[in-house]
1. Among the residues of the range 103-147, what is the count of those that are assigned to a helix (DSSP H, G or I), in contact with a helix residue (DSSP H, G or I) (Cβ under 9 Å, 6 or more places away or on another chain) and charged (D, E, K, R)?
2. Condition check: under 17 Å from the mean Cα position of the chain (by Cα) and of a type outside the set (S, T, N, Q). Does residue 13 satisfy that?
3. For residues that are surrounded by 14 or more Cβ atoms within 10 Å (Cβ to Cβ) and of a type in the set (Ser, Thr, Tyr), scanning just the range 87-118, find the one that is nearest to residue 138 (Cα to Cα).
4. Residues to consider are 58, 16, 27, 88; find the one that is touching a helix residue (DSSP H, G or I) at 6+ places or on another chain (Cβ under 6 Å) and either of a type outside the set (A, V, I, L, M, F, W, C) or without any contact (Cβ under 8 Å) to a residue 60 or more places away in the chain (or both).
Amino acid sequence: MGHVLDKLDKKILHFISQNARTPFLEIARECNVSGAAIHQRVQKLMQQGVIRSSEFVIDQYKVGYQTCAYIGIVLKSNVEFQDVVNHIKEIPEVVECHYTTGKYAMFIKIYAKDNRHLLRLLLDKLAVIPGVANTETFQLSLEEIFRRQLSVFGEEVNTEQDKN
């Protein structure tokens, strides 16, 4: 469910979605409020679950994980969904898991050191999970072109400013 965000919340989200390490005082200057106000707003947004985390992003290729694959998972029964999710959470190479519509109950993104490591993950970790009927590897990513946070708030803030 969406939260009601005011203009200041949207400005804060715009700045931190561009760079989570932007100092609160810098954001405060841009928003013409105190650093304490920004801190309080960020804490409120975190408590509401609007902001889930801030993180450093590791370049998987540079740390030896050179194969990225997207895999669809078919379940034997939807009743087993949560148990399968719990098993998948235990596989550190799985970096994303989505509940999806259509043929596949889940869609995952997984990193492996190479194709042989990917094969081992498929056979020894995914295929043996109780409740998994089968998996299908759709694509291997050759290179991540870009990754970003949703940054629609800058447009909304600018549009609101234009109205004033």
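None of the figures in this text is laboratory data; all of them are computed from the coordinates on show. Computed from a prediction, not measured in an experiment: that's the story for all the values here. With ideal geometry, Cβ positions are generated from the backbone for all residues, glycine too; neighbour counts draw on all protein chains shown.
1. Total meeting the criteria: 1.
2. Numbers: under 17 Å from the mean Cα position of the chain (by Cα): yes; of a type outside the set (S, T, N, Q): yes.
Yes.
3. 104
4. Numbers: 58 fails: touching a helix residue (DSSP H, G or I) at 6+ places or on another chain (Cβ under 6 Å); 16 fails: touching a helix residue (DSSP H, G or I) at 6+ places or on another chain (Cβ under 6 Å); 88 fails: touching a helix residue (DSSP H, G or I) at 6+ places or on another chain (Cβ under 6 Å).
Testing whether each residue is touching a helix residue (DSSP H, G or I) at 6+ places or on another chain (Cβ under 6 Å) and either of a type outside the set (A, V, I, L, M, F, W, C) or without any contact (Cβ under 8 Å) to a residue 60 or more places away in the chain (or both) leaves just 27.
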